[in-house]
Amino acid sequence: MQMSRALAGAAVVLALLFGGWFTLRSDPDNTLTITFQARSGRDTLVFDEFVYANPGGDGEYRLRDFRFYLSNVHLIGDSKTFAEPDSYHLIRFDNSDRAHSLKFAGLPLRSVEKVRFMLGLDAEANSSIEFRGDLDPNSQMAWNWEVGYKFLVFEGGLLSDGEVVPLVYHVGFTENSRMLEFSIPEGLVLQDDAELRFDVDVAKLFDGQTIIDMAATQSVKFDREDAKMLADNYANMIEVAF
Amino acid sequence: MFRALIPLALAAALSLAGWIGWGALRSPNATPIVGFSAPFVFGRFAVPTDNPLTEEAFLLGRRLFYDPILSGANQTACATCHFQRLAFTDGQARSPSLSGGELPFSAMSLTNLMWGQERFFWNGRAETLEQQAVMPIVHPDEMAQAMDELIEELRGSRTYRKMFRASYGEISADNVGKALATFMRLLISADSKYDSYLRGDTRLTAEEEYGRKLFMAHPDTKVSLRGGNCIDCHSQFLTSGFRGELDGFSNNGLDPEETLPDGLMEVTGNPAHRGFFKVPTLRNIAVTAPYMHDGRFQTLEEVMQHYNNGIAVSDTLSPLILEADNAYGRAEDIVGLRLSENEMDAIIAFLHTLTDETFLTNQRFADPFKGER
């Protein structure tokens, strides 16, 4: 009798252990790639050529640099939210695909129904000189440690009447970060090589809520109204690609 | 039965001892360097996993660096063109070439190489420091050494046999590059007045602080912000070029379109990189004259004059330089910062706070043969 009680106790403990193991094991360990494709309108972005029309005036422009900070990525699915730790990504397109991918591994989600992220940086990160994610106070994106980071950089030139004038658009300041949320209709099941693609339309930066004449506004740096104008435009430059 | 086993056991013991001994010979038990320090604000760095920092490799690298045995005629060492007192530059616009005349580029300062760009030489032609280290050795105009001859010479030296055995195991071209790279990686300058200021231990003078503010600012007349625009290429703490991709290379307006040299384009083949050169660290800049990739400017005043009103326009000139102007309205024939004399003096005063006497005189980086001779 004693013996069988002991056995029953052991069986219960074992069952609990197994149960716990199965519960842990059943937490999925999925991966997801999120790819941002740089475009101007519908076409893949081209650098270093005067092929884009000034949206608000005369002339054609070229880009030599386009990049931005994307932070605080949240993936939502299965009624759960995954918040990526140290979620600070510098999205740049100086590669042959004109695309930038973020990879997420070990996700505790089976599917993704919503994606949320910030264009720019949160106030805490923007006033810190800590090295987290892609934050680097010795990088091109740092203005200096008293001002914080540039959130978005666009540099190039405008060709008008045979003359090239420089274009410098640096947008920063914490008030210009924009939280964006995207719903994925029917959700994306995280199996095999799940990938979510976004289009980033550079043209929207100058052709949105405000249509900008680059000849009149050749640079935006520390003027807060100008910076806000560009931020309101870039809030609409990213879309889910289907 | 047991007797039969004894020779087997002996054989096993012998082969085990042999294996351990051979292993010890082949992979030296070098002492990892864990004690070096660098300011937190320098940020991330990477050391190749196949060339960890060890004390033995550092000592070997230092000896090789100062030893003319590395050159074909046994007369030129790395240190011939890189003097510690001048932050490992040579004070020449361009170093002399073995075949007469001058090399195309000025000898670069060797400081804080674990940070900043991960490409080396003015045009970025070396992708690792290990690769960089052996290129001047075999270059016909620099040290003109045949690598296999160098290996033979090193094998003939009892000291080098011992040092290579202790650090890498064998004497090889790869290990020469690795040892030199280790020595150069540990040339860390982090004790200037600016570092002391960053640690909160020292205050800058009013002029230095004014210069620091100008250094860190891109001018914006729309909000009445004046700036020297240095930070658009030289990072705020390291003062070197940026690390990511090719961010640390730029065309800073030295030459017009017609005479613009290839620069980084020679390496990438991309016409958008024509006239781009590696942005150097400004650490110890006050002792590394003359300036620029070809040493064309003798003084920091000349450098400031260049950025102030001497910019030559070309197609790949940085728009950040073309656009940075402290005066209202475009000038007819001047491209530059248009700062006042006082403002330029202040920036130069700040640049002098980057001189690190500890680094320039640190015996650990000095010629090891001096004590032997």
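All of the numbers you see were taken from the coordinates with simple rules; none came from a lab. Please read all numbers here as calculations on a predicted model, not as lab measurements. With ideal geometry, Cβ positions are generated from the backbone for all residues, glycine too; neighbour counts draw on all protein chains shown.
Along its three principal directions, the equivalent ellipsoid of the stretch A:97-140 from the Cα gyration tensor extends over semi-axes of 25, 15, 12 Å, largest first. Spatial offset of the stretch B:190-210 relative to the stretch A:213-232 amounts to 34 Å, using the alpha carbon center of each.
Mean separation of Cα pairs under 8 Å and 6+ residues apart, divided by the residue count of the stretch A:28-240: what relative contact order is that in percent?
28
When A:THR217, B:THR182, B:THR89 are arranged by Cβ crowding within 10 Å, least crowded first, meaning fewest neighbours, the order is A:THR217, B:THR89, B:THR182. The distance separating the Cα centre of the stretch A:56-98 from that of the stretch B:96-154 comes to 38 Å. Give the relative contact order (percent, whole number) for the stretch A:157-242; include only Cα pairs under 8 Å separated by 6+ residues. Answer for the stretch A:157-242 is 43 percent.
In summary, the stretch B:112-151 shows an alpha-carbon radius of gyration equal to 1.30 times the 2.2 N^0.38 Å reference for compact globular proteins. In a simple Cβ point-charge model (Lys, Arg +1; Asp, Glu -1; nothing else charged), the stretch A:147-242 has a dipole of about 380 debye relative to its Cα centre. Basic side chains Lys and Arg get +1 at the Cβ, acidic Asp and Glu get -1 at the Cβ, and with that the dipole of the stretch B:29-188 about its Cα centre reaches some 480 debye. If you take all other residues with their beta carbon under 15 Å from the beta carbon of B:THR353, and give Lys and Arg +1 and Asp and Glu -1, the sum is -3. Along chain B, the exposed loop sites are GluC sites (Glu not before Pro) outside DSSP states H, G, I, E and B with at most 12 other Cβ atoms within 10 Å, and the longest stretch free of them is B:128-331.
The ellipsoid equivalent to the alpha-carbon distribution of the stretch A:28-240 has semi-axes of 31, 20, 14 angstrom, derived from the gyration tensor eigenvalues as √(5λ) and listed largest first.
Calculated on the Cα set of chain B, radius of gyration then Dmax: 24.6, 104 Å.
Taking each residue in B:220-233, count the Cβ atoms of any other chain within 10 Å of its Cβ, then average. What number comes out? Mind dumping the intermediate values first?
Working: counts 8, 3, 8, 5, 1, 4, 0, 3, 0, 0, 0, 4, 4, 1.
So the per-residue partner count for this stretch is 3.
Rounded to two decimals, the Cα-based Rg/Rh of the stretch B:29-188, with Kirkwood Rh, is 0.95. Taking chymotrypsin sites (Phe, Trp or Tyr not before Pro) in DSSP loop states with no more than 15 other Cβ atoms inside 10 Å as exposed sites, chain B has its longest site-free stretch at B:46-327. Close amide H pairs (under 5 Å, H built 1.01 Å from N) link A:ASP65 with A:GLU155, residues at least 5 positions away or on another chain.
Counting only DSSP beta bridges with both residues in the protein assembly as shown, the antiparallel share comes to about 85 percent. Per-residue ellipticity at 222 nm computed for the protein assembly as shown from its helices equals -8500 deg cm²/dmol, with DSSP H segments shorter than 4 residues left out and the rest contributing -39,500 (n - 2.57). Neighbours of A:ASN236, meaning other residues whose beta-carbon lies under 12 angstrom from its beta-carbon, give a summed charge of -3 when Lys and Arg score +1 and Asp and Glu score -1. Taking other residues whose beta carbon is less than 9 angstrom from the beta carbon of A:PHE68, and scoring Lys, Arg as +1 and Asp, Glu as -1, yields +3. Cα-based values for the stretch B:124-202, radius of gyration first and Dmax second, are 17.2, 52 Å. For the stretch A:89-168, the spherically averaged projection of the C-alpha convex hull amounts to 8.8 nm². Only Lys, Arg, Asp and Glu carry charge here, each on its Cβ (+1 for the first two, -1 for the last two); on that basis the stretch A:44-105 has a dipole of about 180 debye about its Cα centre.
Here the protein assembly as shown is treated as an ellipsoid with the same Cα gyration tensor; its semi-axes, largest first and in whole Å, are 45, 42, 22. For B:ILE311, the residues whose amide H sits under 5 Å from its own are B:VAL335, ignoring neighbours fewer than 5 places away on the same chain, with H placed 1.01 Å from N. The ranking of B:ASP247, A:ASP232, A:ASP192 from fewest to most other beta carbons within 10 Å of each one's beta carbon is A:ASP192, A:ASP232, B:ASP247. Please state the relative contact order of chain B as a whole percent: Cα pairs under 8 Å, 6+ residues apart? Relative CO of chain B lands at 19 percent.
Residue order for B:LEU60, B:LEU354, fewest other beta carbons within 10 angstrom first, comes to B:LEU354, B:LEU60.
Pairwise alpha-carbon distances in the stretch A:45-93 exceed 18 Å for 56% of all pairs. With the simple spin-label model, which puts each label point 7 Å out from Cα in the Cβ direction, the B:ALA286 to B:GLU170 separation comes to 5.0 nm.
Placing a label point 7 Å from the Cα of B:SER97 along the Cα-to-Cβ direction, the residues of the stretch B:134-164 whose backbone N falls under 15 Å from that point are B:139-144. With a 10 Å cut-off around each Cβ of A:131-139, the average count of Cβ atoms from other chains is 5. Relative intensity of the stretch B:276-345 on a log10 scale, I(q)/I(0) at q = 0.16, 0.21, 0.29 Å⁻¹, equals -0.63, -1.04, -1.40, per a Debye sum over C-alpha point scatterers of equal strength in the absence of solvent. Please work out the Cα center distance from the stretch A:138-173 to the stretch B:310-373, rounded to the nearest Å. Taking the Cα centre of the stretch B:310-373 as reference, the centre of the stretch A:138-173 is 21 Å away. Note that the stretch B:193-358 shows a convex hull volume over its alpha carbon atoms of 128 Å³ per residue. Close amide H contacts of B:LEU225 (hydrogens built in the peptide plane, cut-off under 5 Å, sequence separation of 5 or more or a different chain): B:ASP220.
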